[in-house]
Amino acid sequence: MALYIPSINVAIQKIVAAYTEEDYLKIKEIMDYVINAETIAGSEDDYHNASVGLVRMDDYDNAVFLLEHGLKRYPKSTDILADLLEYGLKCRALSEISPYYYDKLAKIDRRFWSWRAFHFSIDFHMVYIQYSKSKAQEDEIIDEIEKLISDYKEYKPNDERAYMVEHDFYELLNKHDLAQKALKEALESLKICPQCALNYADSLFENGRYEECVPVLERTVKMSEDQPSINIGYAYYILALSKEGVLRDKSKELTADNVKPIYDAYYSAIVSLDDTMDRMKDQCFRRVSILERQSGIESGIEKKGGYGQ
C-alpha cells in the first residue's frame, strides 16, 4: 500500500511509532515523503511541535530537515527560524546555520519576534562568541547579544527568561557581578520570577549570606505555588538550611519559636522532593534529627515522611 501522510502531526506520530519499533528505514521513508510532498497540512506550531518531538528522541538531523521544510512554507516564522538556530547547533556547522539569523531572522522587526526567537538567538551567539576569530569580532558579537537582551526585555517585559539568559551570558564572560545584577533586577521588576529568585537565592546561600537568602526563598516558594517551573522541594531544602544558618550566625538559643519554622521547611522539602532526590530527603531527615537532639524539641516528622504522627 502506498504511503499517505495528510499532515505534519500524523507524520510525527508515525515517526514516534517507528522509533518504538526501531524501524529506521520507515523513519527515512516518512521523512522523504514529508520533504518531497507537494501538499501536506501543517501550521507553524505543528512544525515546531514536530521538531520538538524529534529532538526528544535525539534526532536533531531530521528535526532540522523538517524545520527547513516548514521554513519554505512559513519564511517569516520566527519560531521556526529560532528552532533552526537552537537545534542546528547540535548537528550543523556554525557557518551553515548562521544565515538563518543574519540573512533571515535579523531582518524581521523584533516587535514581531516570539520569545524563542530572542532566547535561541542569544543561545546561538553565546556559542558563536567562543569561535570568534578576533577581538573585534568578539566585541561585535557581545554588542549584538546585549542588544538582543535589551530588546527581549522591552518586547517581552514579563518574561523572566530574558533575565535568566542575561545571567547565563554574563556568567559565560565570567562577569559574575553583572550576572547577579540581572537576577536581582528580575526580582525588582517582575511579580513572578521563580527561576531567577531561586538562582539568586542559591548565590546568596553559597556565599553564606543566609539572612538575605531567607526572604528571597520565602518569596520563591510562594511564587511557585501557581508557577511550578522550579524544583520547589530543593527551594524548601535551601530555605531550611538558610534558617539554620541564621540561627548559627546569631548564636541564638534554640527555642520552639525559632526551631518550628525550620522543621516546617524541612517537612515541606521532604514531601515535595521526588523519588530521584532520595539523598536530599535523607539529608533533611538527618538535619531534623540533629536539631531535635540539640534543642530537645520534637519535630513530629517521622522517617517515612509522616508529620505529627
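General observations
- Rough spin-label spacing in nm, given labels placed 7 Å along Cα→Cβ, for ASP249 and ALA106: 4.6
- Counting lysine pairs in region 160-309 whose alpha carbons fall under 12 angstrom apart, excluding pairs fewer than 8 residues apart on the same chain, gives 5.
- Taking 0.36 nm per residue of separation and subtracting the current Cα-Cα distance, fully stretching the chain between GLU206 and GLU225 would add 4.4 nm.
- GLU22-GLU96 FRET efficiency (beta carbon distance; Förster radius 35 Å; 0.05 resolution): 0.75
- Packing around the peptides 8-21, 72-85, taken as the average count of other Cβ atoms within 10 Å per residue, puts them in this order, highest first: 72-85, 8-21.
- Taking the centroid of alpha carbons for each part, region 241-261 and region 171-226 are 22 Å apart.
- If you count Lys pairs in region 1-121 whose Cα atoms are under 26 Å apart, skipping same-chain pairs closer than 8 places in sequence, the total is 16.
- Entry note, the chain: relative contact order of 8 percent, from Cα contacts under 8 Å with a spacing of 6+ residues.
- GLU298 paired with ASP151, simple spin-label distance in nm, labels 7 Å along Cα-to-beta-carbon: 6.4
- Relative to the longest principal axis of the Cα atoms of the chain, the long axis of helix 210-223 makes an angle of roughly 50 degrees.
- Protection proxy ranking, peptides 63-71, 98-106, 212-220, average beta carbon neighbours within 10 Å, highest first: 63-71, 212-220, 98-106
- Sorted from longest to shortest, the spans of the Cα atoms of region 1-121 along the three principal axes equal 46, 26, 21 Å.
- Each peptide among 164-177, 112-125, 246-259 gets the average number of other Cβ atoms lying within 10 Å of its residues, and from highest to lowest they stand as 112-125, 164-177, 246-259.
- Rg of the Cα atoms in the chain, relative to 2.2 N^0.38 Å, amounts to 1.27.
- If the segment from ASN174 to TYR234 were pulled out straight at 0.36 nm per residue, it would be longer than the present Cα-Cα gap by 19.0 nm.
- Over region 1-121, relative contact order from alpha-carbon pairs under 8 Å, at least 6 apart, %: 21
- Simple spin-label estimate for SER7 and GLU29 in nanometres, 7 Å along Cα-Cβ: 2.3
Readers should treat all values here as calculations from the given coordinates under stated rules, not as data from a laboratory. From a predicted model like this one, the values you see are computed outputs, not experimental measurements. Methodologically, a virtual Cβ is constructed for each residue, glycine included, from the backbone with ideal geometry; neighbour enumeration extends over all protein chains shown.
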